[in-house]
Amino acid sequence: MFGNYLIGLREGLEASLVVCILIAYLVKTGRRDALRPIWIGIGIAIAVALGFGFALEFGSQELTFEAQEALGGSLSVLAVGLVTWMVFWMRRTARHLKKELGAKLDAALQLGTGALVATAFLAVGREGLETALFVWASVRASSDGTPGPLVGVLLGIASAVVLGWLFYRGALKINLAKFFTWTGGMLVVVAAGVLAYGVHDLQEARFLGGLSSQAFDISSAIPPSSWYGTLLKGVFNFQPDPTVLQVVVWCLYLVPTLALFLAPVGFGRSVGVKEQKAADEQAGKADSGSGGTRDGDGAVVDGERVRDSARGTGGPAVGGAE
């Protein structure tokens, strides 16, 4: 249940922040007349996301068992790919999210009501569709026959809505960069479990082989029906008897993805910055030798600017609500 709560909280908070930015921008610029089209676009986006989720849930029930497993496994893999892209995208662009949405709103205000509706729909709809797909895959993977997983998602979304409202009212301030880093890392762990479950579905659909090759079986030590077995399944989509292919895919996804996600944003750029600074210093010395001391100083200053620029673009992401 906690894993599903985390999904609802993380995905819902991103959508809430987008809504807060859109509304706050229009209020601060004195364009309250444009709020109605924005809310219409948001409402359509929510309706489309809910419709997509219902279609996934009830549409798949009409299929044969193997077709259900093939569809479930394929969509689970797709959901993991989307959520992985999403956490890296938010980590990289959260700092500029407010500016980007403001620019889109400025353009939409010039075009008219339809453009405002479309802007709000696209901004929130992408988050909604990603959330619906990943929630469906995660609930399906961690479902134990109880409404617990779905309740966890709904509680997470409700918490996100409350937090979004508190952000908008200025009653709550947290370090969004750290929040998205921690929740993004935990979401990668949850996604690894969803991916392993998706692989198992594809094996049951006979799309992938190796269903009979178990990596280990610790069902006696961690019974799936025990409280701790249920907890591990709910949080990490833990399976006590995975196949070899499931374990291999889980490791190949989790280790490099988590390492890249937790690495500094400017990782890999420091060498280029040092080389640029060294080149600037050499150019400065050459200019000094020919009597151009001011040019030499200027080169060093330019070098500092390059370094500062790299730091600026590679710094920790700050929440779009700032």
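The values are calculated or read from the model by the stated rules, or taken from the named source; none is laboratory data. From a predicted model like this one, the values you see are computed outputs, not experimental measurements. Backbone-built Cβ (ideal geometry, glycine too); neighbour counts: all protein chains shown. Quick note on the areas: whole protein, heavy atoms, side chains included, nothing else; ligands and nucleic acids left out. Shrake-Rupley method; radii C 1.70, N 1.55, O 1.52, S 1.80 Å.
List, please: which pairs have Cβ atoms under 8 Å, are six or more places apart or on different chains, and start with a residue in region 75-92 that is farther than 16 Å from residue 255 by Cα and end with one that is open to solvent by 40 Å² or more (accessible area, probe 1.4 Å) and charged (D, E, K, R)?
Listed by first residue and then by second, the contacts come to 76/140.
Has region 190-204 got at least one residue that is surrounded by 14 or more Cβ atoms within 10 Å (Cβ to Cβ), closer than 26 Å to residue 88 by Cβ and without any contact (Cβ under 8 Å) to a residue 60 or more places away in the chain? If you could, list the steps in order and put the result at the bottom.
Quick first cut of region 190-204, residues surrounded by 14 or more Cβ atoms within 10 Å (Cβ to Cβ) only: 190-204.
This time we only want the ones that are closer than 26 Å to residue 88 by Cβ, so: 190-202.
Then drop every residue that is not without any contact (Cβ under 8 Å) to a residue 60 or more places away in the chain, which leaves 196.
Looking through region 190-204, at least one residue is surrounded by 14 or more Cβ atoms within 10 Å (Cβ to Cβ), closer than 26 Å to residue 88 by Cβ and without any contact (Cβ under 8 Å) to a residue 60 or more places away in the chain.
One line per residue, one yes/no per condition, for (1) of a type outside the set (Ser, Thr, Tyr); (2) at pLDDT 85 or above:
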residue	(1), (2)
191	yes, yes
197	no, yes
201	yes, yes
205	yes, yes
215	yes, yes
221	yes, yes
231	yes, no
236	yes, no
239	yes, no
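Residues that are among the basic types (Lys, Arg), open to solvent by less than 50 Å² (accessible area, probe 1.4 Å) and either assigned to a helix (DSSP H, G or I) or modelled with pLDDT under 80 (or both): does region 2-17 have at least one? Even if it seems obvious, please write down each step before you answer.
So the first thing to find is which residues in region 2-17 are among the basic types (Lys, Arg), and the list is 10.
Narrowing further to those that are open to solvent by less than 50 Å² (accessible area, probe 1.4 Å): 10.
Then keep just the ones that are either assigned to a helix (DSSP H, G or I) or modelled with pLDDT under 80 (or both); that gives 10.
Yes, the conditions are met somewhere in region 2-17.
Which residues, counting only those in region 19-54, are of a type outside the set (Phe, Trp, Tyr), part of a helix (DSSP H, G or I), open to solvent by 60 Å² or more (accessible area, probe 1.4 Å) and at pLDDT below 85?
Those that are of a type outside the set (Phe, Trp, Tyr), part of a helix (DSSP H, G or I), open to solvent by 60 Å² or more (accessible area, probe 1.4 Å) and at pLDDT below 85: 28, 32, 33.
Which of the residues belonging to region 212-244 are open to solvent by 90 Å² or more (accessible area, probe 1.4 Å) and part of a helix (DSSP H, G or I)?
227, 231, 236
Any residue in region 64-78 that is under 14 Å from the mean Cα position of the chain (by Cα), modelled with pLDDT of 80 or more and either under 16 Å from residue 157 (Cα atoms) or open to solvent by 60 Å² or more (accessible area, probe 1.4 Å) (or both)? Quick ask: steps written out before the conclusion?
In the first step, residues of region 64-78 are kept if they are under 14 Å from the mean Cα position of the chain (by Cα); the result is 78.
Now restrict to residues that are modelled with pLDDT of 80 or more: 78.
If we keep only those that are either under 16 Å from residue 157 (Cα atoms) or open to solvent by 60 Å² or more (accessible area, probe 1.4 Å) (or both) too, we end up with 78.
Among the residues of region 64-78, at least one is under 14 Å from the mean Cα position of the chain (by Cα), modelled with pLDDT of 80 or more and either under 16 Å from residue 157 (Cα atoms) or open to solvent by 60 Å² or more (accessible area, probe 1.4 Å) (or both), which makes the answer yes.
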